[in-house]
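Notes to accompany the following structure.
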Amino acid sequence: MGVCCSNSVDSMMNMPEKKLLSFVQTRIMENIDYSDFKLLDIFEKENVNKAILSIYDTKINALAFSIITNDIVLMKMLYSRLGASFEQTEFFLIEQNSSIFELIISNYNQEILKFYLPLYLKSNHSVQIAEIEYTLTFNSVSLPSPIKKFHPMRLATEKPCIEFLSYIQSYFKTQEIPKEFDINDIDEETGENCPLIACRELNLNLIVYFYRIQGNFFIKNKRQENALQIALKSGQLSDETLCYSVIVFLIDVVRIDITENYEENLLIAKHINVIEFIEERLLREGIKSTKRQVEEKYAVNDTGSDAGSLKNFQEIPLSTISSIFAIDEISIFSEITFD
């Protein structure tokens, strides 16, 4: 039986310092025996934030180690008793193109997120105030650009980690949500928000989730692609059933305009069911156009997608659209409730 099972967290937090240091060392050594960690240095109280381990190409300190191993007891001891710094750990990770939130998302544990999030918000608020004061005082000084911050929500969409997204949404339900936790915040480089990233990843689970929490699917990225075009491009090499389900949801539920750039959409589409669905929906809008006609118009030769007609198209009523999503991709919603 482990230490956690035989003693309460409170009693462990109050153990003598010598015993505490021994506990931390033992905790670390026990975990690295069963993983890809490589020991770089011994843990020392005098330098609690230094790198002591590496995992693959990333060097980590004890606090980062506790996040990766989901060890909430070790995390609390390091922070509360030994003075480990989340701020220094974050700077240390950012230099290696990582972040604390990336570790949390990749190794999700709600208790760790619950402990860290208020500390992050408090620390981030203090940093923002300091930056404003510094700017007001030295606004004529040319300073180097700061290291770009990770956007936790976009990162959780790419990973993906819907549990993280759901917890954050619940946490800020009755208060103003910070920019870095807003699913509709737009990446300055790509022009994409979380809903568009979900379309690019063809993650039906997240697409439905973002739709239910008012995610904005009606923007275009830096390439001037809308949600439908992004999904169609990603769908070229994807499973046909998944691609078809995503396209149906975007058109019939989200209501992305099927007539916008419809010729380009027909050229992009590869799967026959998807092509026939788009052709049928265009016909409803009074546009009599097929992929074959568009290819002939622009002299495109694509032998892998010869749809041509609607004779094989099976109509799917909107009233039964939920049946489309009776696949593994949507199973997680059985564990998530929406108010």
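At-a-glance table
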quantity	calculated
Tabulated pairs, the range 256-269, first among the polar types (S, T, N, Q), second surrounded by fewer than 18 Cβ atoms within 10 Å (Cβ to Cβ), C-beta under 8 angstrom, 6+ apart or interchain	THR259/GLU285; THR259/ILE287
Qualifying position, being part of a helix (DSSP H, G or I), surrounded by 13 or more Cβ atoms within 10 Å (Cβ to Cβ) and at pLDDT 90 or above, among PHE92, PHE23	PHE92
Exclusive hit being part of a loop (DSSP other than H, G, I, E, B) and surrounded by 23 or more Cβ atoms within 10 Å (Cβ to Cβ), set ILE197, ILE183	ILE183
Long-range neighbours under 8 Å by Cβ, at least six apart or interchain, first residue free of Cβ contacts under 8 Å to residues at least 12 places away in the same chain within the range 200-225, second in a helix (DSSP H, G or I)	GLU225/LYS233
Selection within the range 239-261 - crowded, with 16+ Cβ neighbours inside 10 Å, in contact with a Leu (Cβ under 9 Å, 6 or more places away or on another chain) and not aliphatic (A, V, I, L, M)	CYS243, SER245, PHE249, ASP252, ASN261
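The values are calculated or read from the model by the stated rules, or taken from the named source; none is laboratory data. Values in this document were obtained by computation on a predicted structure and should not be read as measured data. Reconstructed Cβ throughout: ideal geometry from the backbone, glycine too, with neighbour counts over all protein chains shown.
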